[in-house]
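Written below as structure tokens is the structure these notes are about.
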Amino acid sequence: EKNILTIGKDNAAGSGGNTLTIKSGVTVTNKGSISVKGGCAVVNSGTVANTDGVVYELGSWSGTAPLEGTVIQPQSVTYYDPLAKANKTTQAVAVDSGLTNDMNSNLAEWWYVPSDVTFPGRITASGDVNLILKDQTTLSTRGVAVNGGQTLTIYAQSAGGQMGKLIAAADTNNSGAG
């Protein structure tokens, strides 16, 4: 089980009102993940020891003390919404940027595959996860686990022959997806 500190309930920009303030002389040791949701903030005047952890920055991070270690900032990514029959843009975290095998909506609700990525094991979708397969990319894995109460919605970056691919191979103990 990963330890996740989430600042804010929603990933919606403008949800606001959720700020973590780290005062001068205070040290926060991150050995899991810190997720700063959109519209939320961290004001850091102390120290964040981030040697074993990852910070997912959807909101803002400010203050007098620098943030060191692994910081993942989402990128603006376009995807095709087949229900609206239109391209949309969202902030998403690259699947290859620090992901071990867990696409967790407490970290980021939107993930994308920026280039060909291969995982030797299964990927787990935790929470309500959205995955964008960028054009002409392939995500290869030994399966995708989406357990009860969890959802994984997969989007292409565009409609047509350039769509990305997900290859989820089954093994002797697991199906390719499920």
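The values are calculated or read from the model by the stated rules, or taken from the named source; none is laboratory data. Since this is a predicted model, take the numbers as computed values, not measurements. With ideal geometry, Cβ positions are generated from the backbone for all residues, glycine too; neighbour counts draw on all protein chains shown. Heavy atoms of the whole protein, side chains included, go into the accessibility calculation; ligands, DNA and RNA do not. Shrake-Rupley method; radii C 1.70, N 1.55, O 1.52, S 1.80 Å.
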- [ ] Check Thr90, Thr100, Thr70, Thr78 and return the single one that is closer than 26 Å to Ile132 by Cα, modelled with pLDDT of 80 or more, open to solvent by 40 Å² or more (accessible area, probe 1.4 Å) and among the hydroxyl-bearing types (Ser, Thr, Tyr).
- [x] Thr78
Open item on the list: Can you confirm whether Leu152 is out of contact with any Asp or Glu (no Cβ under 8 Å at 6 or more places or on another chain), modelled with pLDDT under 90, crowded, with 18+ Cβ neighbours inside 10 Å and in a strand (DSSP E or B)?
Closed with: yes
Open item on the list: Looking for something modelled with pLDDT of 85 or more and either open to solvent by 50 Å² or more (accessible area, probe 1.4 Å) or of a type in the set (Val, Ile, Thr) (or both) - is there at least one such residue anywhere in segment 167-177?
Closed with: yes
Open item on the list: Restricting to segment 134-149, name every residue that is under 16 Å from the mean Cα position of the chain (by Cα), within 16 Å of Gly121 (Cβ to Cβ) and open to solvent by 50 Å² or more (accessible area, probe 1.4 Å).
Closed with: none
